[in-house]
1. So which residues in segment 174-198 are outside any helix (DSSP H, G or I), farther than 17 Å from TRP132 by Cβ and either open to solvent by 20 Å² or more (accessible area, probe 1.4 Å) or aliphatic (A, V, I, L, M) (or both)?
2. Pull up segment 68-85, narrow it to residues that are over 23 Å from ILE156 (Cα atoms) and in a strand (DSSP E or B), then point me to the one that is most open to solvent (accessible area, probe 1.4 Å).
3. Filter segment 1-37 for residues that are open to solvent by less than 20 Å² (accessible area, probe 1.4 Å), under 15 Å from VAL65 (Cβ atoms) and assigned to a strand (DSSP E or B) and give the result.
4. Let me confirm something: among ASP119, ASP137, ASP101, which residue is crowded, with 16+ Cβ neighbours inside 10 Å, more than 26 Å from LEU4 (Cα to Cα) and modelled with pLDDT of 95 or more?
5. Out of LEU144, LEU167, LEU154, report the one residue that is part of a helix (DSSP H, G or I) and either open to solvent by less than 10 Å² (accessible area, probe 1.4 Å) or among the β-branched types (Val, Ile, Thr) (or both).
6. Applying the selection to segment 46-67, what residues are part of a loop (DSSP other than H, G, I, E, B) and open to solvent by 40 Å² or more (accessible area, probe 1.4 Å)?
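The values are calculated or read from the model by the stated rules, or taken from the named source; none is laboratory data. None of these values were measured; they are calculated from a predicted model. Here Cβ is always computed from backbone atoms with ideal geometry, including for glycine, and neighbour counts include all displayed protein chains. When the accessible area is computed, the model is the full protein with side chains, heavy atoms only, and any ligands, DNA or RNA have been set aside. Shrake-Rupley method; radii C 1.70, N 1.55, O 1.52, S 1.80 Å.
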Amino acid sequence: MGILQSENLHLWYGSFEALKGIDMEIPAREITALIGPSGCGKSTFLKTLNRMNDLVEGCRIEGRVTLGGEDIYHNMDVNQLRKRVGMVFQKPNPFPMSIYDNIAYGPRIHGIRSRAKLDEIVESSLKAAAIWEETRDKLRSSALGLSGGQQQRLCIARALAVKPEVLLMDEPTSALDPISTGKIEELAIALKKEYTIVIVTHNMQQAVRISDRTAFFLLGEMVEYGKTTDVFSNPHDTRTENYITGRFG
């Protein structure tokens, strides 16, 4: 069984059904890519995995999402869930505070007060996100002074600081230049040794480069899901083939 699983998952925004019966098992320590045209439900599905849609007025969910076999909507405290399932957004969103305080923010919320322990977490998280060498001498400087690519790696480090099991990434490179994009992709591949990663991407080449599995979403349905090599080289559904060959989307 996968670390994350959705069973007959439906989601409505008011009367609009955005997800239509999604059954999906996400394996541990792999990168799973969600692809599909704009408005197809892939980001909505991603957000159901750590209950970000709880904040959306008029949102209603049916079905089950489980993390390690536990139902996240009925048996789990949302703060505990978001500690276990971190999120990195499309636009880097560092807090308007120092680099150090950005990383220490989550651990402090979860009760860590020891300066030595926080120092250790900050260093190990920045190293894990491949940005320690660029920031080690300016930990007290504002995170807002970093470049866009650095800010995104900082946000990844911030998510890693609370030791999640899963990292959700919603188009994490769409606002970045090619060099920064390459760094984030290399980082994702390195991180899957320890973390399960689910990434929404509009960039199909990116899905091919970094993911182990790919799910193709269309109009709220999951049309196809399988090993990335199979989905791209031998799709089972003509809609998948039409999308990946550029006939629409």
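1. Quick first cut of segment 174-198, residues outside any helix (DSSP H, G or I) only: 174-177, 192-198.
Now drop any that are not farther than 17 Å from TRP132 by Cβ, which leaves 174-177, 192-193, 195-198.
Selection gives SER174, ALA175, LEU176, ASP177, LYS192, LYS193, TYR195, ILE197, VAL198.
2. First pass over segment 68-85, keeping only residues over 23 Å from ILE156 (Cα atoms): 69-71, 73-76.
Still in the list and also in a strand (DSSP E or B): 70-71.
On the way: GLU70: 80, ASP71: 11 Å².
Result: GLU70.
3. If the condition is that a residue be open to solvent by less than 20 Å² (accessible area, probe 1.4 Å), under 15 Å from VAL65 (Cβ atoms) and assigned to a strand (DSSP E or B), then LEU4, SER6, LEU9, LEU11, ALA18, LEU19, ILE22, MET24, ILE26, THR32, LEU34 are the ones that fit.
4. On the way: ASP119 fails: crowded, with 16+ Cβ neighbours inside 10 Å; ASP137 fails: crowded, with 16+ Cβ neighbours inside 10 Å.
Going through ASP119, ASP137, ASP101 in turn, the sole match is ASP101.
5. Working: LEU144 fails: either open to solvent by less than 10 Å² (accessible area, probe 1.4 Å) or among the β-branched types (Val, Ile, Thr) (or both); LEU167 fails: part of a helix (DSSP H, G or I).
The conditions single out LEU154.
6. Of all residues in segment 46-67, those part of a loop (DSSP other than H, G, I, E, B) come to 49-51, 56-58.
VAL56, GLU57, GLY58, listed by residue number.
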